[in-house]
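Enquirer: Please see the structure below; I have some questions.
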Amino acid sequence: MFERLLLSCALLFASGCAMGGSWRTESTHPEGAAFPINEITFDQGKYTATGLFSAQGDYSGDRRTTTGEYSFNGATLKLKPSGGPELFYKTARRLDGKLSMTFKLPNQDKSVTAVLAPVKPAS
């Protein structure tokens, strides 16, 4: 039984974390820090995100929507917004099913980590 559990966990991690669907930022660390994404939807290599940052990764304070392409290699999520540079996030799927994403602020030695929860479809 224990071997099956280990095998299941190994297969889950080997397949990478599923990025499909919609995710909403639930918390940030440091607490209250601005994170580029408030909500994001991944669909077949394309994404749509809302947040308080521009497509260039600069904090604007205004709610914006960006679209573009994404790729994920199991540890790093790369977003390529239309009209902006590629943005990189260290990303991990937590045991509770949520995503942990860390973004290094441009031209700074600081980073912000957010926990994103899956958005349940309206029924």
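The values are calculated or read from the model by the stated rules, or taken from the named source; none is laboratory data. Being a predicted model, the structure only gives us computed values, none of them experimental. Surface areas here come from the heavy atoms of the whole protein model, side chains and all, with no ligands, DNA or RNA. Shrake-Rupley method; radii C 1.70, N 1.55, O 1.52, S 1.80 Å.
Enquirer: Using the Kirkwood radius built from alpha carbon pairs, what does the Stokes-Einstein equation give as D for region 29-70 at 20 °C and 1.002 mPa s, in µm² per second?
Expert: Here the translational diffusion coefficient equals 200 µm²/s.
Enquirer: If each residue of separation counts as 0.36 nm, what is the full-extension length gain between Q108 and R93 once their alpha-carbon separation is subtracted?
Expert: Result: 2.8 nm gained on full extension.
Enquirer: Sticking with this one: Heavy atoms only, probe 1.4 angstrom, no DNA, RNA or ligands counted: give me V119, V112 ranked by accessible area, highest first.
Expert: V119, V112
Enquirer: Assuming 0.692 mPa s and 37 °C, estimate D for region 30-121 with Stokes-Einstein, Rh taken as the Kirkwood radius over Cα pairs, in µm²/s.
Expert: Here the translational diffusion coefficient equals 243 µm²/s.
Enquirer: Here's a follow-up. Accessible area of S71, 1.4 Å probe, to the nearest 10 Å²?
Expert: Result for S71: roughly 50 Å² accessible.
Enquirer: Taking 0.36 nm per intervening residue step and subtracting the Cα-Cα distance, what contour gain separates E86 from T65 on full extension?
Expert: Length gained, E86 through T65: 6.0 nm.
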